[in-house]
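Working notes, structure below.
The values are calculated or read from the model by the stated rules, or taken from the named source; none is laboratory data. Since the structure is predicted, the reported quantities are computational estimates derived from the model, not experimental observations. All Cβ positions, even for glycine, are placed from backbone atoms using ideal geometry, and neighbour counts span all protein chains on display. What goes into the accessible areas is simple: the full protein's heavy atoms, side chains included, and nothing from ligands, DNA or RNA. Shrake-Rupley method; radii C 1.70, N 1.55, O 1.52, S 1.80 Å.
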Amino acid sequence: MTLTELKYIVAVAREKHFGKAAEACYVSQPTLSVAIRKLEDELEVKLFERSANEVAVTSLGEEIVRQAQSVLEQAAGIKEIAKRGKDPLAGALTLGIIYTIGPYLLPDLVRQSLSRTPQMPLMLQENFTVKLLEMLRTGEIDCAIVAEPFPDTGLATAALYDEPFYAAVPSTHPLSQRDSVSAEEIKGETMLLLGTGHCFRDHVLEVCPEFARFSSNTEGIRKSFEGSSLETIKHMVAAGMGVTLVPRLSVPKTAFVPKLKTRRMDDDAPHVKYIPFSGTPPSRRVSLAWRRSFTRYEAIAALRNAIYACELPGVTRLS
């Protein structure tokens, strides 16, 4: 039994496909298949049930895969201990981040990280919350920036900031003349939503639960529309297709520039009005999560410090 064989079975269990697992491990599919068959022969158990279209992990195989992942983490921990003996921050840190945070936090975060810890480059992975949590569990990434709530998977977490939501409406909309709006005032509007899988979609539906019933019927096509990213949805708002909610960090700086100031003509800001909510605004809590078994405590602390050094306009920082 080798660590390489254990790596292969973890990859197949994750991908549910031998070809994709081989690609992820940078080996040919025959090489991976032969290694797994050898391990199955050695253990005298069947780890995977193979069919023409999919690969399923056997009940005993699931237990063995979990143990294999633990062994791989401990082996990686040995290397990390050796690195920490030389420099606690040496080596790349693999950071996952959800789609509705990455484009707005990463530019400043990468600059701060390069300035503070150049010996610890950030390896970035954008994905949905559920996928990032799975990648954390399997050790594919070291830590992740996600929005609460998310399933409790035994991870260590640190709250970073609370981020309020703004309403985004076309500049020609009657609400665009308002200094603030309430959730009740936008419930009668055509709501633009992110597609299924985005946690921010769920956050919007918490504010406007009425739109949840439109997610799977014909009436919903007329009442609400979906976009693949926040930026796509902003363009849809600019085109007058409806209104939406956006997190504060996604609001362009030009939206806060006085009208008398010159704005770039290719910016959507003149066509979209971003309006704060009256009273206590709806918001999301953004947190950093990592495995409790992760040994690079100094790297996590350095990443948190880099995040806190970012500008983060309009949010409430949490210590």
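Within the stretch 37-55, is there a residue that is within 18 Å of Thr138 (Cβ to Cβ), touching a Gly at 6+ places or on another chain (Cβ under 7 Å) and among the hydrophobic types (A, V, I, L, M, F, W, C)? Yes. For Pro118, the criteria (1) touching an Asp or Glu at 6+ places or on another chain (Cβ under 8 Å); (2) of a type outside the set (A, V, I, L, M); (3) not in a helix (DSSP H, G or I) hold in every case but one, which is (1).
The single residue among Asp41, Asp108 that is within 30 Å of Arg201 (Cβ to Cβ) and either open to solvent by 20 Å² or more (accessible area, probe 1.4 Å) or in contact with a Phe, Trp or Tyr (Cβ under 9 Å, 6 or more places away or on another chain) (or both) turns out to be Asp108. Here the stretch 56-69 is the region considered, the condition is being open to solvent by less than 40 Å² (accessible area, probe 1.4 Å) and among the small types (Gly, Ala, Ser), and the residue that is nearest to Ile145 (Cα to Cα) is Ala68. Criterion first (crowded, with 17+ Cβ neighbours inside 10 Å, hydrophobic (A, V, I, L, M, F, W, C) and at pLDDT 80 or above) does Ala239 satisfy it? Here the answer is no, as Ala239 does not meet what is asked.
Lys273 meets each of the listed conditions (1) at pLDDT 90 or above; (2) more than 20 Å from Glu126 (Cα to Cα); (3) open to solvent by less than 40 Å² (accessible area, probe 1.4 Å); (4) in a strand (DSSP E or B) apart from (3). Give the residue that is farthest from Leu249 (Cα to Cα), with candidates limited to residues of the stretch 77-104 that are open to solvent by 40 Å² or more (accessible area, probe 1.4 Å) and within 24 Å of the chain's Cα centre (by Cα). So, considering only residues that are open to solvent by 40 Å² or more (accessible area, probe 1.4 Å) and within 24 Å of the chain's Cα centre (by Cα), the one farthest from Leu249 (Cα to Cα) is Ala92.
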